Amino acid sequence: MAERIRNFNAGPATLPLPVLEEIRSELKNFRGSGMSILEVSHRSKWFDDVIEDAKARITRLLNLDERYKVLFLQGGASMQFAMVPMNFLSENDHADYVNTGTWSTKAVKEAEIQGKRVNVVASSEDRNFCYIPKNIRPTPGAAFMHITTNNTIKGTQYHFLPDSGGAPLVADMSSDILCRPTDVSRFGLIYAGAQKNLGPAGVTLAVIRQDMLDRVPDTLPTMLKYTTAADKNSMFNTPPCFAIYVVGLVLKWIEETIGGLGAMEARNKKKADTIYGYLDSTDFYNATADPDSRSWMNVTFRLPGEDLEKKFVAEALENGLGGLKGHRSVGGCRASIYNAMDPEGVDELVAFMKEFEKKNG
Ligand SMILES: *Cc1c(COP(=O)(O)O)cnc(C)c1O
């Protein structure tokens with residue numbers, strides 16, 4: 001490839017070009033330090049400014065009140081699957097989980113491995129996870145209700161918040177965090193691996209409310225307690241400095257270039273309407289998710305036959321449109337159109353899809 005492609009990969013995923021350019025421009029000598037950000041101490045003034053700026057931007061974008069803390073953790077969203085039940089489910093408690101796909105299934109499994117009591121209160125497994133269940137009924141006294149707000153592999157997304165019966169919501173937002181304004185007050189914990197919608201791999205964002213921190217038992221290993229990160233400003237040990245720095249630049253791009261989450265929502269809605277509108281206008285392509293559960297972030301679709309799908313993915317790449325193969329567990333095609341994907345990229349994809357249909361339909 002001589003030029004950058006339009007990158008539709010699910011994660012790690014495309015980053016805003018202005019962010020990459022900003023990284024390059026200050027890489028060798030970071031803000032007068034005489035060192036790169038890859039080389040400065042995490043205890044230095046330079047890194048302190050970086051992490052405080054990123055926290056302040058998250059606080060503004062999500063409208064967090066003083067009960068919430070912003071944490072930067074390691075181990076990916078997968079580590080959160082284990083930490084959530086470890087920190088918030090005692091032996092006498094139970095938790096509600098909604099199973100909407102591959103990642104929710106893994107979250108349930110990590111709780112069960114620890115012998116925790118889990119009620120799967122709703123599931124869309126009966127139709128291969130192509131929808132978000134509507135009649136989600138909480139069980140009385142649940143410690144929390146866990147949901148996966150966007151299902152990266154199946155291409156579905158919540159467009160409502162379920163009734164959790166007064167229990168705090170705990171959400172895996174790895175693939176749709178900051179795609180639109182969110183009412184955080186319903187959530188006790190939100191977590192997201194950065195490599196889909198926030199930045200590079202290596203850091204996991206967590207937004208946690210004080211009442212959840214109050215539940216954390218003292219008996220857990222230090223690195224596996226949310227209170228450790230909360231008390232030590234995410235620096236009990238060396239944090240993933242470079243990843244946090246890049247997340248901060250992406251947040252700055254959302255606030256200053258895009259104009260905040262309202263503008264981001266309009267931009268994402270327009271992209272989703274463009275591609276789903278086209279998918280609905282033809283029988284050649286078939287969107288796999290139910291219309292009311294369609295993801296704005298991961299658009300999953302099929303062509304008539306696997307050979308055509310292979311050809312589609314290969315020819316798209318020749319035309320500068322990469323990463324359109326579906327997840328290996330489900331097949332088909334998937335266009336991940338996260339925050340960083342420009343509307344022009346989606347327009348180019350739809351133009352290519354029309355051409356491909358003309359030649360092969
Ligand atoms: C990618 C993904 C994960 C796994 O993230 P890791 O950071 O690789 O552990 C979990 N949940 C969702 C919704 C994802 O998209």
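Find how much the distance from ASN92 to LYS28 grows on full extension, using 0.36 nm per residue of separation minus their present alpha carbon separation; answer in nm with one decimal. Mind dumping the intermediate values first?
Values: separation 64, 0.36 × 64 = 23.04 nm, distance 5.39 nm.
In short, 17.6 nm is gained.
Rounded to the nearest Å, what's the spacing between the alpha carbon centres of the stretch 128-147 and the stretch 11-44? Just the number, please.
Each part's Cα centre sits 41 Å from the other's.
Once you put a point 7 Å from the Cα of ASP292 and another 7 Å from the Cα of ARG328, both along the Cβ direction, what distance in nm separates them?
Label at ASP292, label at ARG328, 3.6 nm between them.
Using θ = phi - 60° and the Karplus relation 6.51 cos²θ - 1.76 cosθ + 1.60, list the HN-Hα couplings for the stretch 103-117 in order, rounded to whole Hz, with x at every Gly or Pro.
Each residue of the stretch 103-117 in turn: 6, 5, 4, 5, 4, 4, 4, 5, 6, 5, 3, 7, x, 7, 8 Hz.
State the answer as a single residue: which of GLN157, ILE208, ASN197 lies farthest towards the positive end of the charge dipole of the stretch 142-255, with beta carbon charges of +1 for Lys and Arg and -1 for Asp and Glu, about the Cα centre.
ASN197
Between MET235 and LYS358, what is the FRET efficiency for a Förster distance of 51 Å, r being their Cβ-Cβ separation, to the nearest 0.05?
On the way: r = 56 Å, r/R0 = 1.10.
Result of the calculation: an efficiency of 0.35.
What shape does the chain take by its C-alpha gyration tensor, where a ≥ b ≥ c are the square roots of the eigenvalues and a/c under 1.5 counts as rounded, a/b above b/c as prolate, and the rest as oblate?
Numbers: a/c = 2.04, a/b = 1.18, b/c = 1.73.
Oblate, because a/c is 1.5 or more while a/b does not exceed b/c.
Distance from the Cα centre of the stretch 92-127 to that of the stretch 271-285, in angstrom?
What the calculation gives is 33 Å, centre to centre.
Run the dipole for the chain about the Cα centre, Lys and Arg Cβ at +1, Asp and Glu Cβ at -1, nothing else charged, and hand back the magnitude in debye, nearest 20. Numbers along the way, then the final one.
Working: 42 positive and 45 negative charges, 59 e Å.
Dipole about the Cα centre, nearest 20: 280 debye.
Tell me, what is the percent relative contact order of the chain, built from C-alpha pairs under 8 Å that lie six or more residues apart?
Values: 653 pairs, mean separation 80.8, N = 361.
So the answer I get is 22 percent.
With the Cα gyration tensor of the stretch 143-204 giving a ≥ b ≥ c as the square roots of its eigenvalues, does the rule (a/c under 1.5 for rounded; else a/b larger than b/c for prolate; else oblate) give rounded, prolate or oblate?
Numbers: a/c = 1.96, a/b = 1.59, b/c = 1.24.
Prolate, since a/c reaches 1.5 and a/b exceeds b/c.
Just to check, using Stokes-Einstein with a Kirkwood Rh over alpha carbon pairs, what's the diffusion coefficient of the stretch 196-312 at 10 °C and 1.306 mPa s in µm²/s? Don't skip to the end; give the middle numbers.
Working: Rh = 18.3 Å.
In µm²/s, the coefficient rounds to 87.
For the peptides 260-273, 81-94, what is the packing order when you average, over each peptide's residues, the other Cβ atoms within 10 Å and list the highest mean first?
Going by the mean number of other Cβ atoms within 10 Å, highest first, we get 81-94, 260-273.
Stretch ASP342-ASP65 to full length: gain in nm at 0.36 nm per residue minus the Cα-Cα span? List each step's numbers first, then the result.
Numbers: separation 277, 0.36 × 277 = 99.72 nm, distance 3.13 nm.
Using 0.36 nm per residue and subtracting the Cα-Cα distance, I get 96.6 nm.
Among TYR131, PRO239, ILE51, whose Cα lies farthest out toward the positive end of the dipole of the chain, if unit charges sit on the beta carbon of Lys, Arg (+1) and Asp, Glu (-1)?
Positive-most Cα among the choices belongs to PRO239.
Tally the DSSP beta bridges in the chain and give the antiparallel ones as a percent, rounded to 5.
Values: 21 of 39 bridges.
If we restrict to bridges inside the chain, about 55 percent are antiparallel.
In which sequence would ARG334, ARG180 go, from the one with the fewest C-beta neighbours within 10 Å to the one with the most?
Numbers: ARG334 26, ARG180 17.
Going from least to most buried by this count: ARG180, ARG334.
What is the list of residues in the stretch 313-338 whose amide nitrogen lies under 17 Å from a point 7 angstrom out from the Cα of GLU306, following Cα to Cβ?
Correct set: 313-314, 325-334.
Would you work out if the stretch 38-77 is rounded, prolate or oblate? Take a ≥ b ≥ c from the square roots of the eigenvalues of the alpha-carbon gyration tensor; rounded if a/c is under 1.5, else prolate when a/b is larger than b/c, oblate otherwise. All intermediate terms of the calculation are to be shown ahead of the outcome.
Details: a/c = 2.65, a/b = 1.53, b/c = 1.74.
Here the stretch 38-77 falls in the oblate category.
No lab work stands behind these numbers, since they all come straight from the coordinates. These figures come from a predicted structure and were not determined experimentally. Glycine gets a Cβ as well: all are built from the backbone with ideal geometry, and neighbour counts include every protein chain shown.
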